[in-house]
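Below is one structure, written out as structure tokens, with a few remarks after it.
The values are calculated or read from the model by the stated rules, or taken from the named source; none is laboratory data. Computed from a predicted model, the values in this text were never measured in an experiment. Every residue, glycine among them, receives a Cβ derived from its backbone with ideal geometry; neighbour counts consider all protein chains shown. For accessibility, only protein heavy atoms count, side chains too; no ligands or nucleic acids. Shrake-Rupley method; radii C 1.70, N 1.55, O 1.52, S 1.80 Å.
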Amino acid sequence: MRSSFDDIARSAALWPIWARLGLQDVRLKFRRSAIGPAWIFINLAILVVSIGFIYANLLGQEPRQFIPYLTIGMILWAYLTNSIIDGGNAFVHSEGYIKQISLPIYVYLFRFFISITATMLITMCAFVIVAVLYRLPVGLGTLLAVPGLLMLMATSLLLIAIFAHLNARFRDVAHLASVAMQVLFYVTPVIFPAHLLQNRGRLAWIVELNPMFHLLEVVRRPLLSNSAAEWHSYLVAVGIIAVLGTVSMVLVRVYGRRIVFAL
Amino acid sequence: MAHLHISHVDLEFTVGAERQDTLHSMLRRGLMRHTEQRTVKALQDVSITIAAGERVGLIGHNGAGKSTLLKVMAGIYPPKRGAVAVDGHVCPLFEFVTGFEMEATGWENIRTRALLLGMSPREIDRKIDSIAAFSNLGEFLDIPVRHYSSGMFVRLAFATSTAVDPQILLLDEVMAAGDAVFINSARQRMNDLMLRASVVVFASHSLDVLPSFCDRTILLQKGRVIADGPTAEVVRLYQAPTAVPVT
């Protein structure tokens, strides 16, 4: 259906709508709480402090290296998880809008993208605090995190698109995805340093073949060490975006506006 | 000029398949090889052309397909077969409140709702004071709508929704039958809105409102157009069920 891709372009052009709705979602989430978005920090801080000191000990790591590593890892991991779990509800939770208002449906994907990404950027401030406290090296290499972050954002948008379609059609997908993300969390170097697995010859493939690891690395490495990630991590990240892009195009083509019948 | 053209539109709802598909039901279907999908033919071979300046009523019993047809016109439901060609900005007003957030203030909700109805930010700046004035909520606009009474809430939603300048206005009966709920000023505002639009299509049960607005009326039955003509004639046909051919 030709018009589905027109709908995407029309949706993108309606940015005043989805930007407003997305930012409003973030604001309203905290409106009635006394300290507002500070809860995002507190949540993260408690997690990082409790996991950080226990695991640093358990794994024999230097806290001054491990805590920043853990902080940025948790932030980026939460971003990907939210894209899949919350973003997966983009169509389902917009049922009322989709059935009553004649805006192109992809507006609601962008809305969720904005609120999920804004939340991630707010938590990034927590990493800045940690970086200052632990005097992480800062330089031109740090700026390489920007292209990495853009890749991660593209991934987030595509994950939202894919899971919003799948979840509208098959409601089990959300539960499956949440189980899968839990398993991936323990397999992916987030709460343990990658080299612990990489140095164990036989288990190194768990890290190297894990696409999530490379996706994290393109942001994490520049921020932690003021240098680029491994070149093949960038390659994998681009590959992931290409695959997710293809899958979401297929879904848009297959379902298009008919997704409304699945709601 | 705004116009609307629908030709040979079929629309089906698949009950039990697209609505409630689970992996379990798919597995079962795959294994047992017999499907238990049920399709409901919501619209069958509907062809309608509406030109600029026309005000068209839609009547028919519950489930005749009035709301579905409006949603096809609005581009919300894609037809299974047939073509829908619309020229002009379509504004469906099937209800007032989509987009309202309980935690947001009156002002914030006016802006959000107005954007969703297709107003540009500049247009909203221009109209927001008159919307506020009509809602008559004064300082209450500064507080979250959570604290509003239901009457205040309806005033705000109504004031905002009726501020649009649509080319093609699609109304469902809840809105059109506002006369039962709203005071005179609201009714006047609704009339103004319908007169501003270039094309109005409005679905209604209320046969006393319809003739005053619509020269032309379309009668739907079981998803088919069974009469399309001057309102007086179509209403007469509708009220004499024996004259209606049963399909």
- Work out which helices of chain A, taken as complete DSSP H runs, extend at least 27 Å along their axis over the Cα atoms and score a mean Kyte-Doolittle of 1.6 or more, then list them. A:38-58, A:107-133, A:145-169, A:231-255
- Between residue B:208 and residue A:19, what FRET efficiency comes out of the Förster formula 1/(1 + (r/R0)^6) with R0 = 51 Å and r the beta carbon distance, rounded to 0.05? 0.70
- Item | Hits among lysines - C-alpha to C-alpha of residue B:222 under 28 Å, sequence gap 8 or more where chains match | A:99, B:41, B:66, B:71, B:80
- Would you mind computing, in nm to one decimal, how far apart the modelled labels at residue A:143 and residue B:7 are, each placed 7 Å from Cα along Cα→Cβ? 5.8 nm
- Query: How large is ³J(HN,Hα) for each residue in segment B:224-237, as worked out from phi by the Karplus curve 6.51 cos²θ - 1.76 cosθ + 1.60 (θ = phi - 60°), to whole Hz, x for Gly and Pro?
  - Reply: 10, 7, 10, 7, 8, x, x, 3, 4, 5, 5, 5, 4, 5
- Work out, step by step, the length gained on full extension between residue A:254 and residue A:186: first 0.36 nm times the residue separation, then minus their alpha carbon distance; give nm to one decimal. 21.1 nm
- Query: For a paramagnetic label modelled at 7 Å from the Cα of residue B:149 toward its Cβ, which residues of segment B:84-105 fall within the zone defined by backbone nitrogen distances under 18 Å?
  - Reply: none
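Tally Lys and Arg at +1 and Asp and Glu at -1 over the other residues with C-beta under 13 Å from the C-beta of residue B:219: what net charge comes out?
Computed value for this residue: +3.
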- Query: Under a point spin-label approximation (7 Å from Cα along Cα-to-Cβ), what is the residue B:184-residue A:57 distance to one decimal in nm?
  - Reply: 7.9 nm
- Accessible-area loss of at least 40 Å² in the complex relative to the chain alone (1.4 Å probe) applies, within segment A:100-139, to A:100, A:101, A:102
- Whole Å is fine, so just give me how far the alpha carbon centre of segment B:83-127 lies from that of segment A:1-59. 25 Å
- Task: Rounded to the nearest 0.05, what FRET efficiency do residue B:41 and residue B:87 give with R0 = 30 Å and r taken as the Cβ-Cβ distance? Could you check?
- Result: 0.60
- Of all DSSP beta bridges having both residues in the protein assembly as shown, the percent classed as antiparallel (nearest 5) is 60 percent
- Task: Take every residue in peptide B:143-149, count the Cβ atoms of other chains within 10 Å of its Cβ, and give the average of those counts.
- Result: 1
- Task: Would you look at the GNM of chain A, springs on alpha carbons closer than 10 Å, and say which of A:141, A:73, A:22 moves the most?
- Result: A:141
- With every protein chain present, what is the per residue accessible area of the protein assembly as shown (1.4 Å probe, Å²)? 47 Å²
- Note on the structure: The answer for the net charge of residues other than residue A:238 whose Cβ lies under 15 angstrom from its Cβ, with Lys and Arg +1 and Asp and Glu -1, is -2
- Query: Over the Cα atoms of segment B:37-119, how large are the radius of gyration and the largest Cα-Cα distance (Dmax), in Å?
  - Reply: 16.2, 46
- Item | Cα gyration tensor category, rounded, prolate or oblate, for segment A:122-222 with a/c compared to 1.5 | oblate
- Note on the structure: Buried by partner chains in segment A:163-191 (accessible area down by at least 50 Å² vs chain alone, 1.4 Å probe, heavy atoms, protein only) are A:169, A:170, A:172
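Work out the FRET efficiency for residue A:235 and residue A:199 from their Cβ-Cβ distance, taking R0 = 25 Å, and round it to the nearest 0.05.
Working from the Cβ atoms, E equals 0.65.
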- Task: Would you compute, for the Cα atoms of the protein assembly as shown, the largest minus smallest coordinate along each principal axis and list the three values in descending order, in whole Å?
- Result: 87, 63, 36
- Query: What does the average come to when, for each residue of peptide A:252-263, you count the partner chain Cβ atoms lying within 10 Å of its Cβ?
  - Reply: 3
- Note on the structure: Ranked by GNM mean-square fluctuation in chain A (Cα springs under 10 Å), the top entry among A:168, A:34, A:228 is A:34
- Note on the structure: The simple spin-label model distance between residue A:121 and residue A:46, using points 7 Å out along Cα→Cβ, in nm, is 2.7 nm
